[in-house]
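Here is the structure we will look at.
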């Protein structure tokens, strides 16, 4: 006997992971230098040197019981103080440690928030294009998952479509900016328009509609662009943050949830997030990493390598005739497929050992995603292949 829903999630594998594993198998045959794998968003710049130095210092100077012992279920107080101080200095806030819950990366944090909002009939809206795991996270939490159609090619928000979908059951809107997969950043005008809409709808239905801001790419922005700090614009915002991308620590699974006390039902909502994490067994994030973050939360990534990759790949694709969404953040390009069926174009590209992810799973058929967190050499050598693919697709 087994849970059929869990079986379906396990049996229907991620297209992204399948492409990555296919690339590994091809690398064993043709050599890794000849596989142009743009499938997986694995950071390719090293962690700041201070991170490794901090880990060494903690291991050398701290007793093992302190390093490896349990922390408070909601997170070490020194870690939460450090995060609050950093956010307050950057965004002019007045965040307290009691508004922060330390989690094992953004994924379990999102699950906890969805479970905390899962009253009977609750619906969560996502803006296409969206991270595919939002759907199973939401539905397994007990909420209905609905998708606002994309605003292509700018990939901001279709406010008319969103307003038509918001109803008395809407509990929250998932925002992901900088965006995976599009690499776009919501402008302050977009966020303020969204905030005004949700204020109006919350008053109309007599309950708060929360923004759930998924922010693992907050620091990855280019060309002077900034990602608005959404709680400063809309008080009913819950932030789920991960250090996976900003500090290149995806395998360490460390981040936080910020539930503002000024949000409607803020204290109760924080307790609900903590309770949902408890029920899922996601309390007391790795204590060593909490101590590292307490000393390193002020660090920012060196984006020069990503920015060079971004500009080189963007320019090469545009010159080859591709339509590409404006990539102001993260480390993704979202490209319109020259074939109407992006899956078919992905299969065509595999014949040249170019691995790209069709946009269907992101809620955007006809587009595909490229992760440019790869070597600069591979980007340069792949550009003639993309030009060949365009010519083949055009017949």
I'd like the residue in the range 350-393 that is closer than 23 Å to residue 130 by Cβ and in a helix (DSSP H, G or I) and, out of all such residues, is nearest to the chain's Cα centre (by Cα).
362
Output the residue which, of all residues in the range 106-116 that are buried (at least 24 other Cβ atoms within 10 Å of the Cβ) and in contact with a helix residue (DSSP H, G or I) (Cβ under 9 Å, 6 or more places away or on another chain), is farthest from residue 145 (Cα to Cα).
109
When you check residue 260 against the structure, is it part of a loop (DSSP other than H, G, I, E, B), within 21 Å of residue 170 (Cβ to Cβ) and in contact with a strand residue (DSSP E or B) (Cβ under 8 Å, 6 or more places away or on another chain), yes or no?
yes
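Touching a residue at least 40 places away in the same chain (Cβ under 8 Å), in contact with a helix residue (DSSP H, G or I) (Cβ under 6 Å, 6 or more places away or on another chain) and more than 30 Å from residue 298 (Cβ to Cβ): does that describe residue 20? Show your work before the answer.
Working: touching a residue at least 40 places away in the same chain (Cβ under 8 Å): yes; in contact with a helix residue (DSSP H, G or I) (Cβ under 6 Å, 6 or more places away or on another chain): no; more than 30 Å from residue 298 (Cβ to Cβ): yes.
So residue 20 fails the test.
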Which of the residues belonging to the range 335-361 are out of contact with any helix residue (DSSP H, G or I) (no Cβ under 9 Å at 6 or more places or on another chain) and either surrounded by 24 or more Cβ atoms within 10 Å (Cβ to Cβ) or not assigned by TED's automatic domain parsing to the domain that holds residue 320 (or both)?
none
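Identify, please: which residue in the range 273-290 is in a loop (DSSP other than H, G, I, E, B) and either out of contact with any strand residue (DSSP E or B) (no Cβ under 7 Å at 6 or more places or on another chain) or not assigned by TED's automatic domain parsing to the domain that holds residue 71 (or both) and is, among those, nearest to residue 57 (Cα to Cα)?
Looking at the filtered set, the residue picked out is 286.
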Criterion first (surrounded by 13 or more Cβ atoms within 10 Å (Cβ to Cβ), farther than 16 Å from residue 286 by Cβ and modelled with pLDDT under 95) does residue 84 satisfy it?
no
Those residues that are within 16 Å of residue 373 (Cβ to Cβ) and either modelled with pLDDT under 95 or touching a helix residue (DSSP H, G or I) at 6+ places or on another chain (Cβ under 8 Å) (or both), I need them from the range 307-334; list them, please.
308, 309, 312, 313, 327, 331, 333, 334
Would you be able to say whether some residue in the range 71-78 is part of a helix (DSSP H, G or I), touching a helix residue (DSSP H, G or I) at 6+ places or on another chain (Cβ under 9 Å) and within 23 Å of residue 285 (Cα to Cα)?
yes
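Any residue that is under 24 Å from residue 250 (Cα atoms) and either without any contact (Cβ under 8 Å) to a residue 40 or more places away in the chain or in a helix (DSSP H, G or I) (or both) - is there at least one of those in the range 43-50?
yes
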Checked the range 231-246 for anything touching a helix residue (DSSP H, G or I) at 6+ places or on another chain (Cβ under 6 Å) and either at pLDDT below 95 or crowded, with 22+ Cβ neighbours inside 10 Å (or both); matches are 234, 237, 238, 240, 242, 244
Please give the number of the condition residue 44 fails out of (1) farther than 20 Å from residue 219 by Cβ; (2) not assigned by TED's automatic domain parsing to the domain that holds residue 217.
(1)
Might you let me know whether the range 261-278 holds any residue that is more than 30 Å from residue 207 (Cβ to Cβ) and crowded, with 18+ Cβ neighbours inside 10 Å?
no
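Each row is one residue, and each column tells you yes or no for (1) closer than 24 Å to residue 334 by Cα; (2) outside the structural domain of residue 335 (by TED's automatic domain parsing); (3) touching a helix residue (DSSP H, G or I) at 6+ places or on another chain (Cβ under 7 Å).
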| site | (1), (2), (3) |
| --- | --- |
| 104 | no, yes, no |
| 129 | yes, yes, yes |
| 132 | yes, yes, yes |
| 146 | yes, yes, yes |
| 150 | yes, yes, no |
| 167 | no, yes, no |
| 180 | yes, yes, no |
| 192 | no, yes, no |
| 204 | no, yes, no |
Have a look at 241, 258, 306, 270 and point out the one that is outside the structural domain of residue 86 (by TED's automatic domain parsing), under 23 Å from residue 105 (Cβ atoms) and touching a residue at least 60 places away in the same chain (Cβ under 8 Å).
306
Kindly indicate the residue of the range 198-223 that is assigned to a loop (DSSP other than H, G, I, E, B) and more than 26 Å from the chain's Cα centre (by Cα) and also surrounded by the most Cβ atoms within 10 Å (Cβ to Cβ) among those meeting that condition.
207
Is at least one residue of the range 328-339 over 23 Å from residue 19 (Cα atoms) and not in a helix (DSSP H, G or I)?
yes
Within the range 55-67, residues modelled with pLDDT under 90 and either surrounded by 15 or more Cβ atoms within 10 Å (Cβ to Cβ) or touching a helix residue (DSSP H, G or I) at 6+ places or on another chain (Cβ under 6 Å) (or both) come out as 67
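The values are calculated or read from the model by the stated rules, or taken from the named source; none is laboratory data. Computed from a predicted structure; not experimentally measured. Note that each Cβ is placed from the backbone with ideal geometry, even for glycine, and that neighbours are counted across all protein chains shown.
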